[in-house]
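The values are calculated or read from the model by the stated rules, or taken from the named source; none is laboratory data. Treat the numbers as computed from the prediction; the structure is a model and nothing was measured. Every residue, glycine among them, receives a Cβ derived from its backbone with ideal geometry; neighbour counts consider all protein chains shown. Surface accessibility is based on the protein's heavy atoms, side chains included, excluding ligands, DNA and RNA. Shrake-Rupley method; radii C 1.70, N 1.55, O 1.52, S 1.80 Å.
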Amino acid sequence: MVTLFDPATSQGSLMGSVWLIFAVTALCIGAIVVGLIVFALVRWRHRSDALPPQFNERTALEIAYTVIPLMIVAALFWVTLVHEAPVDALTAHPVGIVDVTAFRWSWRFAYVGTQIQVAGTPQSSPQLVLPLGETTEIDLTSADVTHSFWVPRFLFKRDAIPGTINRFDLTPTHVGTFDGKCAQFCGLDHALMTFTVRVVTPDDYRRWLASAARS
Ligand SMILES: [Cu+2]
């Protein structure tokens, strides 16, 4: 199968599944609609001798095209619910908590329980380091205006709102460095609000924590 996207967290994989189910459903419905249009065009194209069947009502058909779309919407609602609930759920035992603060125009990452703080500037984007396969809780807020924490490869975006803490879990499934950015226009230098997320093995993570705490 062609990989349309390759989510780099377990939460992202769930969101990817929702996207795929919606896309396939939409394509199927589109194919049915286009098929019926083409069928009607061909079957009842203008001929001098034939009128299409003429009738005022067909109750069974009307019930069908009311009930079937409602069932599709209900099914998609259910799909969204069962996939989003685990994405929004917080584990009781994260391996660590990082306070993420957005500000005009960069990000600050503070590792709770340590002295480690990484703050960026518009000129140098900061890096968030996360361990592979372990769940880190992110406590997200903003120091000034509304920003939005977005890592495209995580298929995840959440607003950073002043005075509010938005908590979510990230469980990376791929080692690598992933681009992140602010996804909410927040002022002139909004475009400079970039950051990276570097996912490393748990051993490398412990080493990084130890060396970052010393420096
Ligand atoms: Cu911003």
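Here are some notes:
- Relative to the longest principal axis of the Cα atoms of the chain, helix 59-88 runs at roughly 10 degrees.
- Rounded to the nearest 20 debye, dipole of the stretch 1-65 from Cβ charges on Lys, Arg, Asp, Glu: 260 debye
- Residue-normalised accessible area of the stretch 96-192, given per residue in Å² at a 1.4 Å probe: 45 Å²
- Acute angle (nearest 10 degrees) that the helix 202-214 long axis makes with the longest principal axis of the chain, alpha-carbon atoms: 40 degrees
- Mean accessible surface per residue for the stretch 15-91, computed with a 1.4 Å probe while every protein chain stays in place, in Å²: 81 Å²
- Here the contact order of the stretch 1-120, divided by its residue count and restricted to Cα pairs under 8 Å and six or more residues apart, works out to 19 percent.
- Signed unit charges on C-beta, dipole axis of the stretch 2-80, positive-most listed residue I37, I72, F22: I37
- Solvent exposure ordering (accessible area, 1.4 Å, most first) of E137, E62: E62, E137
- Dipole magnitude of the chain, debye to nearest 20 (Cβ charges: Lys/Arg +1, Asp/Glu -1, about Cα centre): 420 debye
- The mean sequence distance of close C-alpha pairs (under 8 Å, at least 6 residues apart), as a share of the length of the chain, puts its relative contact order at 22 percent.
- Apportionment of accessible area to carbon and sulfur, the chain, percent (1.4 Å): 63 percent
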